[in-house]
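Undergrad: To start, I am sharing the structure in question, which I have written as structure tokens.
The values are calculated or read from the model by the stated rules, or taken from the named source; none is laboratory data. In this text, all values refer to a predicted model and were calculated from it rather than measured experimentally. Here Cβ is always computed from backbone atoms with ideal geometry, including for glycine, and neighbour counts include all displayed protein chains.
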Amino acid sequence: MKRAMTGSYLLSAFVVLALAALAGCGAQDAAMPVADLREIPQECRLALGQGFADRTLIPPDMQTKFARSYRPMTLLPWCDGYSPRLAGEVMEFFDKHARDGGCGENLVPRDAAWVRKMLPEANLPGYPNCRRRAITVRTTSIRQLPTVEPVFRLPGQGVGFPFDQLQESAVCANTPLFVAHLSASGAWAWAETSFAAGWVAAADVAFVDDAVVDAWRRHPLAAIVRDGVSLRGPDGAFIAREHIGAVLPLADVPASAGAGGGDGATQAAGLEVLAAARMPDGLAKAIRVRLKQGEAEMFPVPATTGHLADLADRMLGQSYGWGGLYEQRDCSAMIRDLLAPLGLYLPRNSSEQARAGKVVPLGGMSGQAKQRLIIRDGVPMLTLLGAPGHIMLYLGRRDGKALIMHNTWGVKVRDPGGGEGYKLIGRCCITTLRPGIELPNIILPEADLLGAIEVMVMLNGPFDTGANASRRPESQR
């Protein structure tokens, strides 16, 4: 009884403190919003003004090479002899959370005992017990432990929002993967995509046979160019929902189509593609899906500033999603999905993306020197800027300042009590390299993005895809 009363008291106290903090933040936000969001139009063409011109970003021959290497990268988990993670690597997640602690949705601590209770379900002594090619049949989440229960940092640690520390990455429907292991109950699968690995709800995946593998390997491709595209079969039955960043095979192979894929110069309308559906026996069946005009284009989409601006504008304003929580994007997911329709395969996490192209080190330079170099040498809309835990896309310049597109949680500030908090942004936006610099309670130098940037990465040439890199959580920048 005493324990229950203590938990109730802590929960009540947390709620009161949270409401008070939110009230204070709300008043402060109303009085002083981040100036960049008020002064810079949140559309690419308007933000860049006369500095925007519709031009080719990547020469067609180079884009064709990128696009031809894109498919093999996504199909890595289906390669013959694919070698999954070792049992010790899977166990590392259990050790990490047994050590790190945190709390659940009811503020009860997550301790080593809570983690150990999952070990019988994980059945790691039998790992790997499956070793089969598979595909996601709906948008799902890769989790660090086989549970839907969350792990939050303890209240008062300056996190600003209870992000679920078990969230590894969202994974779109129709993503090839390798299932190495099934849990004792069969409810969870240890699955590996070309960009992330972890536990997935087994009902969200289906095993593939040679016919499905052949279609994904051989058919020309189409890129989804809008979020929330509904995939429905010939009978109208809902199959899954797709997002920008997804690439699907066409339902048919034109007689003239080669192994390299479709014609990126074609503006496709009403394409018919294949989507995977899970059958009662657990196998995937490729269903023909007719898409509406404007939902998909032949892959790769022409690499022009106009096409990229259209894709970017469809993401701007969307909510920030830690690790893909709630089917939203964090900073690296935004970059990855935005550039995928152009045929550019990028790794999933920000640290890997910051090494994915021609890297120009910026560490040790003054903020002014960095900005001058970015404006002088950066390729607008095809240059990434990397800071610890954060990745951004350089768009071009406005009023002599570099503009970036990024999905960010906010700017670190001091609360009235002297603790660390966040001036919330919480969405995909266009800003300068110093968003919130005008705030009197900003924490410097940590919250100064321009000072934090360490590398400039040009993507208009050969670059390292960082395939099969393990995702690490981004910061809340």
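Undergrad: Considering each residue of the stretch 244-270, count those that are in a loop (DSSP other than H, G, I, E, B), modelled with pLDDT of 95 or more and either within 15 Å of Pro341 (Cα to Cα) or touching a Ser or Thr at 6+ places or on another chain (Cβ under 6 Å) (or both), and give that number. It would help to see each step written out before you state the result.
TA: Filtering the stretch 244-270 down to residues in a loop (DSSP other than H, G, I, E, B) leaves 244-246, 251-257, 259-260, 262-270.
Okay, now just the ones that are also modelled with pLDDT of 95 or more, so 244-246, 251.
Those left that are additionally either within 15 Å of Pro341 (Cα to Cα) or touching a Ser or Thr at 6+ places or on another chain (Cβ under 6 Å) (or both): 244-246.
Looking only at that region, the number is 3.
Undergrad: Could I ask something else about it? If we scan the stretch 133-140, do we find a residue that is at pLDDT 95 or above and within 21 Å of Lys96 (Cα to Cα)?
TA: Checking the stretch 133-140: not a single residue is at pLDDT 95 or above and within 21 Å of Lys96 (Cα to Cα).
Undergrad: Another question, then. Residue under question is Val379, and the condition is that it be aliphatic (A, V, I, L, M), modelled with pLDDT of 95 or more, part of a loop (DSSP other than H, G, I, E, B) and crowded, with 24+ Cβ neighbours inside 10 Å; does it hold? Steps first, answer last, please.
TA: Working: aliphatic (A, V, I, L, M): yes; modelled with pLDDT of 95 or more: yes; part of a loop (DSSP other than H, G, I, E, B): yes; crowded, with 24+ Cβ neighbours inside 10 Å: no.
So Val379 fails the test.
Undergrad: Give just the number: which of (1) touching a residue at least 40 places away in the same chain (Cβ under 8 Å); (2) within 30 Å of Pro249 (Cα to Cα) does Pro72 not satisfy?
TA: (1) is the only condition that Pro72 fails.
Undergrad: A follow-up question, please. Any residue at all in the stretch 61-84 that's buried (at least 17 other Cβ atoms within 10 Å of the Cβ), in a loop (DSSP other than H, G, I, E, B) and at pLDDT 95 or above?
TA: Yes, because at least one residue in the stretch 61-84 is buried (at least 17 other Cβ atoms within 10 Å of the Cβ), in a loop (DSSP other than H, G, I, E, B) and at pLDDT 95 or above.
Undergrad: Okay, next question. What pairs come up if the first residue lies in the stretch 363-391 and is over 30 Å from Thr304 (Cβ atoms), the second is outside any strand (DSSP E or B) and not basic (Lys, Arg), and their beta carbons are under 6 Å apart, counting only those six or more places apart or on different chains?
TA: Gly363/Glu454; Gly367/Leu450; Gly367/Gly451; Gly389/Glu474; Gly389/Ser475
Undergrad: Could you say whether any residue in the stretch 49-58 is in contact (Cβ under 8 Å) with a residue 40 or more places away in the chain, part of a helix (DSSP H, G or I) and crowded, with 17+ Cβ neighbours inside 10 Å?
TA: Step one: list which residues in the stretch 49-58 are in contact (Cβ under 8 Å) with a residue 40 or more places away in the chain, which gives 49, 51-58.
Still in the running and part of a helix (DSSP H, G or I): 49, 51.
Filter once more, keeping what is crowded, with 17+ Cβ neighbours inside 10 Å: none.
Looking for residues that are in contact (Cβ under 8 Å) with a residue 40 or more places away in the chain, part of a helix (DSSP H, G or I) and crowded, with 17+ Cβ neighbours inside 10 Å, one finds none in the stretch 49-58, hence no.
Here's the yes/no breakdown for (1) of a type in the set (A, V, I, L, M); (2) in contact with a Cys (Cβ under 6 Å, 6 or more places away or on another chain); (3) in the same structural domain as Pro347 (by TED's automatic domain parsing):
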residue	(1), (2), (3)
Cys44	no, no, yes
Glu89	no, no, no
Lys96	no, no, no
Pro109	no, yes, no
Arg116	no, no, no
Pro125	no, no, no
Val137	yes, no, no
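Undergrad: Can I ask one more? Quick one: is Pro435 in a loop (DSSP other than H, G, I, E, B), in contact (Cβ under 8 Å) with a residue 24 or more places away in the chain, touching a Cys at 6+ places or on another chain (Cβ under 9 Å) and of a type outside the set (Ser, Thr, Tyr)? Steps first, answer last, please.
TA: Details: in a loop (DSSP other than H, G, I, E, B): yes; in contact (Cβ under 8 Å) with a residue 24 or more places away in the chain: yes; touching a Cys at 6+ places or on another chain (Cβ under 9 Å): yes; of a type outside the set (Ser, Thr, Tyr): yes.
Judged against the criteria, Pro435 is a match.
Undergrad: In the stretch 315-324, is there at least one residue being closer than 26 Å to Gly396 by Cβ, surrounded by 24 or more Cβ atoms within 10 Å (Cβ to Cβ) and in contact with a strand residue (DSSP E or B) (Cβ under 9 Å, 6 or more places away or on another chain)?
TA: yes
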